[in-house]
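Right, one structure below, let's go through it.
Since every read-out is calculated from the coordinates, none of them should be taken as a lab result. Note that the structure is a prediction, hence the values are computed from the model and not measured. Note that each Cβ is placed from the backbone with ideal geometry, even for glycine, and that neighbours are counted across all protein chains shown.
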């Protein structure tokens, strides 16, 4: 692709350095000279030099140009600190299959019960103006289709990639986040999880290994289990995102053992369940490792619009220099999960993903796609996001106040970067599964930590959804009951 020409030029320069054509003690060709030699723009050469500088192969000297780094400095510059791991940790970082289907299905089904206090499932509040406006547009679209039906117009499949208006609007939305993609490169899916499934089907095969961050959204785990992929869980760093040093060590071991590691699934911004966002330098390091080990990077961006960081961190797709990031998102968290519309920007795997979508779905309902496209076209997204972010921030404050009042002092949590989920650590050695089972009997819905691991880890954690939380008796009574039960189970 012409937009990635600078990468091939960077590779050419790297080869010339290795061959001694560009000696260590000699200045590299000037930007102008190399641009003229290769018939490219000066901007392309600048990007090539910057890429090599990021990779630790050359360095810039002020007012002197670029120079190759000596080989011993190249090795030191590229070497990462080796993760110091116990044998138990090393054993946990070996490939294994996922097996949490029964627990996951039980929890998802229980979340749909209307007789419970909803603190568990990651469903947004649907009572906002933007959601109501979307349903009015949907009603108008259905009436239009009924009118067409009465006039004898034939119905048709909305074949992939999707409704043209919706794809155009998603393309414009992504452009505001520095993700440049043409409307025809967007594949409309049945939500973000369907997009992730398509991405996994296209980049991996049965028995391949997929890297995941731990904790990991249980929907991704269920998808990997259904597709019969093996996983390696990379522990989360304290700053958010997978621990890059451990990730590097795992990839080194995988290469030595000839493990078929093909992809990593990552939620870098407002991660579910932790609510944390991955730092910028870690995002760049992850992409460098992906290039080094030729991994597909499947980015789950479904909560990113909630981020409170200003300016917002770039997505992995926005940083993607060689089209290896498959970008998955939807409106299930920002609007409503009932619409079931998501999208996939599949990069170099576009054709495979579109084929899988066609043979498995043929297409999605045209009226919902058209309605969402018209909703975006009406310019409602920014106003809607301002409203829901303000409301969720207020509800988080109410929840924090209730937690401080009703729950023990030794409860720990990290304030999320945005959204409506909070990841809570219970008192030491407490198991959240018995607490979950007790809460079910009390008509209270929470989500236990082991659901977010393929190995049953995070037993002392629960995830809480505060999207609907208010200072109303049913919520305050639920918090009071949970606090008393936690004290009882820990002997406080």
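Here are the numbers for the structure shown:
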item	result
Gain upon complete extension [residue 19, residue 309; 0.36 nm per residue less C-alpha separation]	99.9 nm
On Cα atoms only, tilt of 473-489 relative to the major axis of the chain in degrees	80 degrees
For region 403-478, convex hull of alpha carbons as volume per residue, Å³	105 Å³
Neighbour-count order for 479, 381, fewest beta carbons within 10 angstrom listed first	381, 479
Square roots of 5 times each gyration tensor eigenvalue, C-alpha, region 338-469, largest first, Å	36, 22, 14
Tilt relative to the chain, helix 280-293 - C-alpha long axis, 0 to 90 degrees, to 10	60 degrees
Percent of alpha-carbon pairs separated by more than 16 Å within region 268-370	64 percent
Normalised per residue, the volume of the convex hull around the Cα set of the chain (Å³)	176 Å³
Nearest-ten-degree value, helix 101-111 long axis tilted from longest Cα axis of the chain	50 degrees
Distance in nm between pseudo-label sites at residue 257 and residue 387 (7 Å out along the Cβ direction from Cα)	5.1 nm
Dimensions (Å) - region 156-378, Cα atoms, principal axes, largest first	52, 40, 29
Förster radius 30 Å - calculated FRET efficiency between residue 177 and residue 132, Cβ distance, rounded to 0.05	0.70
Inter-centroid distance (Cα atoms) of region 272-311 relative to region 39-58, Å	24 Å
R0 of 41 Å, Cβ-Cβ distance residue 404-residue 97: FRET efficiency to nearest 0.05	0.50
Residue 142 paired with residue 109, simple spin-label distance in nm, labels 7 Å along Cα-to-beta-carbon	2.8 nm
Residue-span extension gain [residue 352 to residue 26] - 0.36 nm each, minus C-alpha spacing	112.8 nm
FRET efficiency for residue 150 and residue 63, using Cβ-Cβ distance with R0 set to 56 Å, rounded to 0.05	0.15
Fewest-first ranking of 189, 288, 490, 368, using other Cβ atoms within 10 Å as the exposure measure	490, 288, 368, 189
Gain on full stretching of the segment that runs from residue 428 to residue 457 - 0.36 nm per residue minus C-alpha separation	9.1 nm
